[in-house]
């Protein structure tokens, strides 16, 4: 009996977000005119990995997953906001811990990747809510099947 080697789902999600974050970092960090294609490729691969992990989710689980992704994206945005644009002296003092070009690039990349993944799952939820779900019959096919 042969066993296929596969990574656990959480490792695939973390890897997909890391690939998407690398795409955001390439687009933000490089000043080359040729940065767009590799950035889009990496971002697309990362988002595709996240959506592939949610392929078999039902409508309720997609709604829960989209809510969680938006919550994680918001929480990850807070340190980036403190570092990028502090409003008060207290916020500036808290943001100093995240100051620096490398940390700023890392925070921006992670937040950008999480927002892109949250958008992708929200779109999947919207499609699933209205009956369009990958691998399942379309609403038109279901109506035609009911008539027969």
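Just so it is clear, none of the values below were taken in a lab; they were calculated from the coordinates. What you see is a predicted model; the values in this text were computed from it and never measured. For neighbour counting, all protein chains shown are included, and Cβ atoms are generated from backbone atoms with ideal geometry for every residue, glycine included.
Numbers for the structure displayed
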| item | result |
| --- | --- |
| Using alpha-carbon coordinates, inclination of helix 59-84 to the longest axis of the chain, degrees | 10 |
| Helix axis angle, 9-29 relative to the chain longest principal axis, alpha carbon, degrees | 50 |
| Principal-axis tilt of helix 36-53 within the chain, Cα atoms, nearest 10 degrees | 50 |
| Residue-averaged 222 nm ellipticity for the chain, from DSSP H runs of 4+ at -39500 (n - 2.57), nearest 500 | -25000 deg cm²/dmol |
| Taking the C-alpha atoms of the stretch 9-147, convex hull volume expressed per residue in Å³ | 130 |
| Sequence of 105, 13, 42 once ranked by neighbouring C-beta atoms within 10 Å, starting from the fewest | 105, 13, 42 |
| Extension gain from residue 51 to residue 103, taking 0.36 nm per residue of separation minus the Cα-Cα distance | 16.0 nm |
